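The values are calculated or read from the model by the stated rules, or taken from the named source; none is laboratory data. All values reported here derive from a predicted model rather than from experimental measurement. Because the Cβ atoms are built from the backbone with ideal geometry, glycine has one as well, and the counts that use them run over all protein chains shown. For the accessible areas, the whole protein counts, side chains as well, though only heavy atoms, and no ligand, DNA or RNA atoms are used. Shrake-Rupley method; radii C 1.70, N 1.55, O 1.52, S 1.80 Å.
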Amino acid sequence: MHRIMKKLLIVSSTKNSNFQLSKEIKDFFGDNKEISCNVISLEDFDLPLYKPYLEENFKKKDEFPGDIERIKNFFLESDAFVWCSPEYNGGISPILTNVIAWISRATIDWKEGFKDKHSLICTSSGGNGKHFIKGFTLQLCYLGAKVMDESIIRTNKKDVEENEFKEILTKFSKKFI
């Protein structure tokens, strides 16, 4: 029996250490014949700050700008997500909050991009990253995602151990393959 290859989207909020972490995660899955991996950086998308009047104007024209459509399609076409984002002021980064807002508003069903999709939250942060993990877990669960209990946390003071890194990613992949 031939299995359909699952699509994993690795989302980096920034191009700094979280983008490096994203590439390391992609490398981990590189030889897996059951998973197709894409890494995106949210910095590569020109998304306006979400404002209700912009959404209304786009809907009146029956067209969202190209980058909103492009990122929305990445999410709709993916089976699972790995999120790599820094902790900002003890919470979720603004760029990540903005993209979530646009995806939820540019789809027919606001949960459509996330519902029943497995998610692993990772961070490379100056602080301990735990506030981001906790807050983003709540948001993703509200959107209907299946968020893994474990996370990969890399800080300026402490790197994630290689065995733990591999164990978490292996466990995560078994959830959505």
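Cβ separations smaller than 8 Å between residues 6+ apart or across chains give the following pairs from segment 51-63 residues that are of a type in the set (A, V, I, L, M) to residues that are surrounded by 11 or more Cβ atoms within 10 Å (Cβ to Cβ): L54/P48.
Please verify whether L54 is hydrophobic (A, V, I, L, M, F, W, C) and either surrounded by 15 or more Cβ atoms within 10 Å (Cβ to Cβ) or closer than 28 Å to E150 by Cβ (or both), treating the condition exactly as stated. So that I can check it myself, show each step before the final result.
Values: hydrophobic (A, V, I, L, M, F, W, C): yes; either surrounded by 15 or more Cβ atoms within 10 Å (Cβ to Cβ) or closer than 28 Å to E150 by Cβ (or both): yes.
Here the answer is yes, as L54 does meet what is asked.
For segment 69-88, the criterion of being in contact with a Ser or Thr (Cβ under 8 Å, 6 or more places away or on another chain), under 20 Å from S151 (Cα atoms) and aliphatic (A, V, I, L, M) is met by at least one residue.
Of the residues making up segment 52-82, those that are assigned to a loop (DSSP other than H, G, I, E, B) and of a type in the set (F, W, Y) number 1. Within segment 142-162, residues that are on the phi < 0 side of the Ramachandran plot have Cβ atoms under 6 Å from residues that are among the hydroxyl-bearing types (S, T, Y) and open to solvent by 20 Å² or more (accessible area, probe 1.4 Å) in these pairs: V147/T137, counting only partners at least 6 apart in sequence or on another chain. So, of the residues in segment 27-43 that are in a strand (DSSP E or B) and either hydrophobic (A, V, I, L, M, F, W, C) or touching a His at 6+ places or on another chain (Cβ under 8 Å) (or both), which turns out to be most open to solvent (accessible area, probe 1.4 Å)? Selected residue: V39.
Let me confirm something: among D62, D46, which residue is among the acidic types (D, E) and either modelled with pLDDT under 95 or crowded, with 18+ Cβ neighbours inside 10 Å (or both)? Give the derivation first.
Values: D46 fails: either modelled with pLDDT under 95 or crowded, with 18+ Cβ neighbours inside 10 Å (or both).
Among D62, D46, only D62 is among the acidic types (D, E) and either modelled with pLDDT under 95 or crowded, with 18+ Cβ neighbours inside 10 Å (or both).
Identify all residues within segment 155-170 that are farther than 21 Å from P86 by Cα and open to solvent by 90 Å² or more (accessible area, probe 1.4 Å); write none if there are none.
Those that are farther than 21 Å from P86 by Cα and open to solvent by 90 Å² or more (accessible area, probe 1.4 Å): N163, E167.
Select from segment 83-95 the residues that are under 13 Å from the mean Cα position of the chain (by Cα) and part of a loop (DSSP other than H, G, I, E, B) and list them in ascending order.
Here is the first cut: in segment 83-95, the ones under 13 Å from the mean Cα position of the chain (by Cα) are 83-86, 92-93, 95.
Result: S85, P86, I92, S93.
I'd like the residue in segment 65-77 that is of a type in the set (D, E) and open to solvent by 50 Å² or more (accessible area, probe 1.4 Å) and, out of all such residues, is nearest to N163 (Cα to Cα). Spell out how you get there, then give the answer.
Keep residues of segment 65-77 that are of a type in the set (D, E), which gives 67, 69, 77.
Now restrict to residues that are open to solvent by 50 Å² or more (accessible area, probe 1.4 Å): 69, 77.
Details: E69: 38, E77: 31 Å.
Only one residue fits best here, namely E77.
Counting only residues that are touching a residue at least 40 places away in the same chain (Cβ under 8 Å) and out of contact with any strand residue (DSSP E or B) (no Cβ under 7 Å at 6 or more places or on another chain), which one in segment 87-96 is surrounded by the fewest Cβ atoms within 10 Å (Cβ to Cβ)? Let's see the steps before the verdict.
Within segment 87-96, the subset touching a residue at least 40 places away in the same chain (Cβ under 8 Å) is 87-88, 90-93, 95-96.
From what's left, out of contact with any strand residue (DSSP E or B) (no Cβ under 7 Å at 6 or more places or on another chain): 88, 90-93, 95-96.
Values: Y88: 18, G90: 12, G91: 14, I92: 23, S93: 21, I95: 19, L96: 23.
Only one residue tops the list, namely G90.
Restricting attention to segment 1-40, the residues that are free of Cβ contacts under 8 Å to residues at least 24 places away in the same chain and either closer than 23 Å to I100 by Cβ or in contact with an Asp or Glu (Cβ under 7 Å, 6 or more places away or on another chain) (or both) total 2.
Restricted to segment 108-133, and to residues there that are of a type in the set (V, I, T) and crowded, with 16+ Cβ neighbours inside 10 Å, the residue that is farthest from S17 (Cα to Cα) is I133.
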